[in-house]
1. Kindly indicate the residue of segment 83-122 that is more than 19 Å from Arg166 (Cβ to Cβ) and in a loop (DSSP other than H, G, I, E, B) and also nearest to the ligand (Cβ to nearest atom) among those meeting that condition.
2. Being among the charged types (D, E, K, R), more than 9 Å from the ligand (Cβ to nearest atom) and out of contact with any helix residue (DSSP H, G or I) (no Cβ under 7 Å at 6 or more places or on another chain) narrows it down to one of Arg74, Arg60, so name that one.
3. Given the criteria buried (at least 23 other Cβ atoms within 10 Å of the Cβ), in contact (Cβ under 8 Å) with a residue 24 or more places away in the chain and either within 11 Å of the ligand (Cβ to nearest atom) or assigned by TED's automatic domain parsing to the domain that holds Gly204 (or both), does Ala153 qualify?
4. Take the residues of segment 178-205 that are of a type outside the set (A, V, I, L, M) and exposed (fewer than 13 other Cβ atoms within 10 Å of the Cβ): which is farthest from Pro128 (Cα to Cα)?
Amino acid sequence: MGVEGEKRRAAEAAGELVEDGMLVGLGTGTTVAFLLVAIARRAPTAVFVASSPRTEQAARTLGLRVHPFDAIERLDLAIDGADQIAPGGWLIKGGGGALTREKVVAAAADRFVVIADATKLVDALHAPVPLELSPFGLAATIRRLGACDVRNAPASPDGGVIADYRGPVTAPGELARLLSATPGVIAHGLFEPELVSELLVGVGATVRHTIIGAAP
Ligand code: 5RP
């Protein structure tokens, strides 16, 4: 119950941020599942976009109004989980394979709030770093990346292959640049602090609120 309680408390704190009339991006994962319930309980008249079919279906089942994310230019708020959170605000995401859409949603939001339990706090990021790869030229891309395994997981909703980079993550900025510059890498799970506005982390019975970047 410890970790689950931490996730639920962080998610409930984030649910309070959703207000009537907002455009809100929803992440993916078990912490976000608590968020959906918390939002649905308050029933705000907000419009939502989902970062995965899983989240979309769960949100609709709970009665949330989910719109496609093709013609919406920006979001007021996005809320998502994380696999690892480093002290300066660097994240690793994509444990659920939804990293590409999660990054698109986070980048479109004026305010990106990360929710997590305390097990996600790390002193320094470490492998694996989730990747979405183009199926075209897959073997060549993997060879170029070196330490990289294709995950035994379904393709992304956009047809990408989900994989994990297993090399060192000592300098996240440099690795992020290297991965972004590798042909065949559609997206990587390193999220830079510039994307992140705030962290809400369940720590025991409390929720620790940390500001990373200022919201406009
Ligand atoms: C999915 C993600 C999730 O946010 C991350 O894996 C955390 O998941 P959970 O809330 O289940 O611990 O990035 O791609």
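1. Ala98
2. Working: Arg74 fails: out of contact with any helix residue (DSSP H, G or I) (no Cβ under 7 Å at 6 or more places or on another chain).
After applying the criteria, what remains is Arg60.
3. In short, no.
4. That would be Gly204.
The values are calculated or read from the model by the stated rules, or taken from the named source; none is laboratory data. Worth saying up front: this structure is predicted, and the values here are computed from it rather than measured. Don't worry about glycine lacking a Cβ; one is built from the backbone with ideal geometry, like all the others, and counts go over all protein chains shown.
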